[in-house]
Amino acid sequence: MDILEVSAPGKVILHGEHSVMYGKTALAVSLGLRSSVVLRQQEPTECPVINVKFPKVDLDEILPLKPIAEIFPGQPVRVDHEDYINKINTVLCHIRPGFEELKDTQKNSLRALLYALAGIFGTANLDITDFTIELSTDLTVGAGTGSSASFATCLCGVFVKLVQLKTTGEVLDFSDDEKKLVSGWAFNCERIMHGAPSGIDNTTCTFGALVSFKKGQVPVLRPSPELRVLLVDSGVSRETIRLAAAVAELRECYSSAVGHIMDAMDNVAVTAEQVRVLQVSDVGFFRDAYLLVVLLQKLVQPESEEEVNSAYKHLNELWEMNHCLLASLGVSHPALETIRAIAHEHGLACKLTGAGGGGNAIVLVPPHTQETTVTSLKTKLVSSGYKVTDTIVGGPGVTVHYKTVQ
Ligand SMILES: Nc1ncnc2c1ncn2[C@@H]1O[C@H](COP(=O)(O)OP(=O)(O)OP(=O)(O)O)[C@@H](O)[C@H]1O
Ligand SMILES: C[C@@](O)(CCO)CC(=O)[O-]
């Protein structure tokens with residue numbers, strides 16, 4: 001029996017959430033927390049089925065594969081997203097009694113599964129036989145740490161590898177071209193969950209490390225500094241699609257004010273391209289942005305302790321600035337402000353990450369921070385009802401393991 005396991009990290013956005021949707025620059029890093037999908041091929045039967053286990057969204061389903069295979073395009077194509085989604089909805093209503101009554105989260109997870117299966121496997125002209133697919137994750141769903149992109153990356157990754165296994169009989173590590181394919185399909189799955197995502201989440205979850213991203217441009221991938229962060233889950237669930245719509249509405253109403261806020265955000269998050277073309281002498285308007293990338297790169301290979309301390313001092317200030325800009329767009333939440341106040345009592349910087357409105361805040365822990373301070377902060381946060389994960393950002397993107405069990 002062949003077993004394929006594909007895993008992908010979650011992500012945190014350091015700078016540029018929301019403004020990235022309007023063409024501004026953003027920086028994101030992969031997280032140590034990951035999702036993992038295990039695909040087990042089963043003995044072929046006459047009426048093949050797929051057994052779907054997505055425990056985080058309470059799904060345990062057995063779906064017939066023949067009606068799904070009927071929507072396989074059968075040749076490499078650029079899918080028409082709307083047309084494809086309509087076909088997938090029709091099939092799901094047909095094969096899953098009560099599909100319309102499921103929760104939106106469950107419906108979207110099943111839609112994303114069929115989208116990836118039909119789009120990737122279904123273009124390979126191969127026979128599909130019985131299998132189980134099971135997803136587990138360290139991430140909280142709907143909390144701003146890229147659970148949907150990590151989920152989609154795992155699904156797309158595992159179907160790319162299933163095609164490789166069926167066509168060549170072996171499974172190799174993901175090549176750069178395969179990663180591009182996975183990220184592209186994961187972006188399409190993200191459209192199901194988010195409407196109009198920028199693409200930063202699927203890119204970070206696929207490629208890992210530090211991603212400098214601007215919509216419509218090739219993302220710049222850099223080694224990630226080993227930043228220690230406390231990921232603080234406010235416990236307030238929210239949906240990215242709704243927060244993005246609220247920001248869009250505000251922008252519609254106050255185009256000039258919101259435009260200036262987003263320009264300011266652009267200034268604290270920059271692409272490496274901008275940095276490369278800038279000379280120190282003509283940094284001028286881009287000073288903050290220039291500073292940030294230089295700061296992050298300094299932390300990859302610091303030369304002295306002063307350099308590290310000074311870099312962290314600037315990062316603290318930029319995190320605070322970015323949070324306040326996001327709050328001015330209405331995407332903070334009282335729970336996030338309470339978390340920030342507790343972090344400030346301990347002298348540490350804190351910002352929301354992802355779409356906001358709840359979800360996670362990230363507290364930056366510079367290396368010179370006393371462990372007693374960190375312990376006291378964690379204790380206070382936990383006793384106030386928040387979940388704290390002490391983690392280091394960075395780490396690999398999508399990865400695969402393959403084994404055969406007799
Ligand atoms: N482990 C999982 N199993 C099944 N479906 C999942 C899983 N994780 C995420 N999803 C799907 O992704 C959706 C959550 O997307 P949403 O964008 O609201 O949260 P997020 O990705 O955690 O946040 P952000 O985009 O701000 O980082 C869920 O509704 C569900 O459909
Ligand atoms: C809110 C947003 O900017 C970040 C979500 O992680 C949406 C996106 O970029 O797709």
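LYS107 passes every criterion in (1) assigned to a loop (DSSP other than H, G, I, E, B); (2) more than 16 Å from ligand 2 (Cβ to nearest atom); (3) at pLDDT 90 or above apart from (1). Scanning segment 391-406 for residues that are at pLDDT 95 or above and part of a strand (DSSP E or B) yields THR399, VAL400, HIS401.
Count of segment 1-50 residues, restricted to those that are surrounded by fewer than 21 Cβ atoms within 10 Å (Cβ to Cβ), part of a strand (DSSP E or B) and among the polar types (S, T, N, Q), is 2. When you look at LEU315, is it at pLDDT 90 or above and either part of a helix (DSSP H, G or I) or within 22 Å of THR373 (Cα to Cα) (or both), yes or no? Taking the combined requirement at face value, the residue does not satisfy it. Only a single criterion out of (1) surrounded by 23 or more Cβ atoms within 10 Å (Cβ to Cβ); (2) touching a strand residue (DSSP E or B) at 6+ places or on another chain (Cβ under 8 Å) is not satisfied by SER136, namely (1). Within segment 208-232, restricting attention to residues that are within 16 Å of ligand 1 (Cβ to nearest atom) and buried (at least 22 other Cβ atoms within 10 Å of the Cβ), the residue that is nearest to THR379 (Cα to Cα) is VAL232. Here ASN86 meets the list (1) at pLDDT below 95; (2) surrounded by 12 or more Cβ atoms within 10 Å (Cβ to Cβ); (3) closer than 16 Å to ALA112 by Cα; (4) of a type outside the set (D, E, K, R) almost entirely, failing just condition (2). Of all residue pairs spaced 6 or more apart or on separate chains, those with beta-carbon atoms under 8 Å, a first member in segment 82-100 that is among the hydrophobic types (A, V, I, L, M, F, W, C) and a second member that is part of a loop (DSSP other than H, G, I, E, B) and modelled with pLDDT under 90 are ILE88/ILE71; VAL91/GLU70; VAL91/ILE71.
When segment 51-68 is filtered for residues that are hydrophobic (A, V, I, L, M, F, W, C) and surrounded by fewer than 17 Cβ atoms within 10 Å (Cβ to Cβ), only ILE62 remains.
The values are calculated or read from the model by the stated rules, or taken from the named source; none is laboratory data. Since we're looking at a predicted model, the values are computed, not measured. Please note: Cβ atoms are built from the backbone with ideal geometry, for glycine as well, and neighbour counts cover all protein chains shown.
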